[in-house]
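S.K.: Please see the structure below; I have some questions.
No value in this document is a laboratory result; all are computed from the given coordinates. All of these numbers come straight from a predicted model, not from anything done at the bench. When we count neighbours, we look across all protein chains shown, and the Cβ atoms used for this are built from the backbone with ideal geometry, even at glycine.
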Amino acid sequence: MNTLNTDAAKAAADAHAKALVEGDVGVAFLGMTPEGLASAMEIGNMTWNIMSYELENQRPDGEDVLVDIIYFTDLGRLALHYRFQDIEGIWKVAGVERDT
């Protein structure tokens, strides 16, 4: 995987996390595949107020890019593992899991 693709995936991860911090769930949802949204819904309804975030451990996984996003909330730290996929030239969340 080339650096341009991983940079684009990182930009998508940053935009997704920023949208959640700003409370713009519409933008966050637009950046997700149906599978990504379904996996996020499996995590459950979290009523945490997200105040900030950090991107960590960006790494390629085949054609996908995995990114850990750590959210800092009013109830503490929330670590999520994201899978980003290039969908017709747009990097989108294709999966998300909660850190155990």
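S.K.: Among the residues of segment 63-99, how many are closer than 15 Å to residue 39 by Cα and either without any contact (Cβ under 8 Å) to a residue 24 or more places away in the chain or among the polar types (S, T, N, Q) (or both)?
M.R.: Residues meeting the conditions: 4.
S.K.: Taking segment 46-79, which residues are in contact with a Phe, Trp or Tyr (Cβ under 7 Å, 6 or more places away or on another chain), of a type outside the set (A, V, I, L, M) and either under 11 Å from residue 9 (Cβ atoms) or surrounded by fewer than 14 Cβ atoms within 10 Å (Cβ to Cβ) (or both)?
M.R.: Passing the criteria: 52, 64, 74.
S.K.: For residues in segment 80-100 being farther than 18 Å from residue 27 by Cβ and of a type in the set (D, E, K, R), which is surrounded by the most Cβ atoms within 10 Å (Cβ to Cβ)?
M.R.: Within segment 80-100, the match that is surrounded by the most Cβ atoms within 10 Å (Cβ to Cβ) is 83.
S.K.: Got at least one residue in segment 1-16 being touching a strand residue (DSSP E or B) at 6+ places or on another chain (Cβ under 9 Å) and not in a helix (DSSP H, G or I)?
M.R.: Looking through segment 1-16, at least one residue is touching a strand residue (DSSP E or B) at 6+ places or on another chain (Cβ under 9 Å) and not in a helix (DSSP H, G or I).
S.K.: Might you check whether a residue that is within 20 Å of residue 61 (Cβ to Cβ), of a type in the set (A, V, I, L, M, F, W, C) and surrounded by fewer than 14 Cβ atoms within 10 Å (Cβ to Cβ) occurs anywhere in segment 19-37?
M.R.: no
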